[in-house]
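See structure below.
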Amino acid sequence: MVSAGLLPRSHSRGGRFAGSRFALGQPFLLAALVIEPFLYTIKKLWLYFGMIERVTGVLLVAKRVAFLIRSVQDLSAWLLQNFPGLTSLG
């Protein structure tokens, strides 16, 4: 078992091992809890997936063109000049 190999030999049995097995299963438990709201949202958006794909494709192409013509630096300088509060974000 993968989780057994991650623990030291003195902790390979007992409560700590059971706790680590529970910790490894938490993402799957969380996924089981949110699957119904996720499927409900997907069903509502299903009709718009074609448009969403087109819009994201156009945005990706526009981003690549901006990188190629080096206008990303100009855009970032303009944003920092007009919105100085952005400097505190990162």
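Values as computed for the structure displayed
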| read-out | value |
| --- | --- |
| Condition met for V72 (under 22 Å from the mean Cα position of the chain (by Cα) and not charged (D, E, K, R)) | no |
| Hits in the stretch 19-65 - residues which are in contact (Cβ under 8 Å) with a residue 12 or more places away in the chain and either among the hydroxyl-bearing types (S, T, Y) or outside any helix (DSSP H, G or I) (or both) | S20 |
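Condition check ((1) in contact with an Asp or Glu (Cβ under 6 Å, 6 or more places away or on another chain); (2) modelled with pLDDT under 90; (3) aliphatic (A, V, I, L, M); (4) exposed (fewer than 10 other Cβ atoms within 10 Å of the Cβ)) across all residues:
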residue: S3; (1), (2), (3), (4): no, yes, no, no
residue: L30; (1), (2), (3), (4): no, no, yes, no
residue: P37; (1), (2), (3), (4): no, no, no, yes
residue: I42; (1), (2), (3), (4): no, no, yes, no
residue: V55; (1), (2), (3), (4): no, no, yes, no
residue: R70; (1), (2), (3), (4): no, yes, no, yes
residue: Q73; (1), (2), (3), (4): no, yes, no, no
residue: S88; (1), (2), (3), (4): no, yes, no, yes
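The values are calculated or read from the model by the stated rules, or taken from the named source; none is laboratory data. Only a predicted model underlies this, so the values are computations on that prediction, with no experimental measurement involved. Positions of Cβ are generated from backbone atoms using ideal geometry, with glycine treated the same way; all protein chains shown enter the neighbour counts.
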